[in-house]
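No value in this document is a laboratory result; all are computed from the given coordinates. What you see is a predicted model, and the numbers here were worked out from it, not measured in a lab.
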Ligand code: NAD
């Protein structure tokens, strides 16, 4: 549900008033619903490489309306720029200006996707410059888009092509309404095993998943989304939230496990519960988290320690227990909830940002270990999301925080949940050690 201001400026009178006064005009974003079309119009694949040809052929097999060249004045659902072979910044001109000619025809809620290669893997300064140029280009273009359109990039690691399973998984996510609040971001994909799920409506069919902090807010929505996508759920929260936890568990036909994740034996209890009921565990979503904001000059030991213990130390200990148990499924998926505070910093949140920066460090460092098990570990970093946590922020501060991103609105818990569901699916098998921001391209920080 859009916030009240967004609803107002999308009504006839409010729209005119906002325009006259030069006020922000956030669009009502298209959110995912099972069965809806992947995109809302034709998809133009720009680029003259073999990778572009192959991708266009693949997208045709998804029953999309695919064009290799834009038809003048035709309204478009998406533009995909295939830049997989650029070796010099001068080579960007042709595809970029071809896409520019179609921008005004992009439908509300449309998508721009770039396909390029990581600059860090380039072997010459020219190639690195061209690849890094795609980064700056896409992030700037995303800030120019209007009417709920979003732009994101897929980075193809060495050996990965435009039609590798993990590339296609990322493209499908970025095209879909699942990525409504993901904007101006890059996702690196590699050739690790993956593949599009047999039933795209139920990509988590047969998986057993645990979600911590599932009694309310983002965690409850993650549980609902994973359930909708076919997973069997175990919901964890503290005993004090027992009633709410039981009600969410009933809703998603899962089981409730009351525990404090900072307990020494929390990991063993989670695994014990999963093995006893289901024989194994496939997906772990580390969502439970708290804030205890204070300027560092006023910080006390209790505030510092509780945030570090719950937000990162518990995750480290639980992961260790999971790895030692031998009960993880054959392609385990760990997804941790970080925060843009851990990237950009936030006044009054030194403890919180240290813990969330810690989450990102943890997933990057743990990625090789999970890869050796055929699994992945990734993080999402939400920006401003409309929850009970952010509803407590004073109105004026909240209103500013909510508009400070390219989409000019707060995200919904479902936006974080959809991204986590994607990272937990087989389609994301080639995405490991990544941090994906779900922040509408927050204008502050990285
Ligand atoms: P919330 O406070 O509404 O929910 C957090 C849940 O975690 C609660 O149900 C709580 O009981 C549970 N929890 C807390 N400590 C626990 C413990 N020791 N053991 C087990 N469960 C525990 O918060 P939310 O807004 O839904 O946030 C969820 C996650 O998203 C957190 O990690 C938060 O830091 C992160 N996040 C939120 C936002 C936002 O804008 N709301 C932005 C960035 C990141």
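Some notes on this structure:
- Helix axis angle, 314-325 relative to the chain longest principal axis, alpha carbon, degrees: 80
- Normalised contact order of the range 208-438, rounded percent, pairs of Cα under 8 Å and 6 or more residues apart: 20
- What separates the Cα centres of the range 191-249 and the range 20-56 is a distance of 27 Å.
- For the range 208-438, the spherically averaged projection of the C-alpha convex hull amounts to 12.2 nm².
- The range 130-163 and the range 64-95 have Cα centres spaced 12 Å apart.
- Whether the range 332-407 is rounded, prolate or oblate, judged on the alpha carbon gyration tensor where a/c under 1.5 counts as rounded: prolate
- For the chain, built as a Gaussian network whose Cα springs stay under 10 Å, the top-fluctuating residue of 165, 394, 108: 394
- With q set to 0.15, 0.27 Å⁻¹, the log10 of I(q)/I(0) for the range 1-40, from the Debye formula over equal scatterers at the Cα positions, is -0.45, -0.84.
- Max mean-square fluctuation residue, GNM over the chain, Cα-Cα springs under 10 Å, options 38, 83, 369: 369
- Calculated [θ] (222 nm, deg cm²/dmol) that DSSP helices of n ≥ 4 give over the chain, each run adding -39,500 (n - 2.57): -11500 deg cm²/dmol
- Bins of 10 Å, starting at 0 and running to the largest distance - Cα pair percent for the range 24-189: 11, 43, 37, 9, 1
- Relative contact order (%) - criterion: Cα under 8 Å, at least six apart; region: the chain: 15
- The angle separating the long axis of helix 242-251 from the principal Cα axis of greatest extent in the chain is about 50 degrees.
- Volume per residue that the Cα convex hull of the chain spans, once the total is divided by residue count, Å³: 149
- Helix 266-278 axis, angle to the chain major axis (alpha carbon atoms, nearest 10°): 80
- The relative contact order of the range 24-189 comes to 25 percent, based on Cα pairs under 8 Å that sit 6 or more residues apart.
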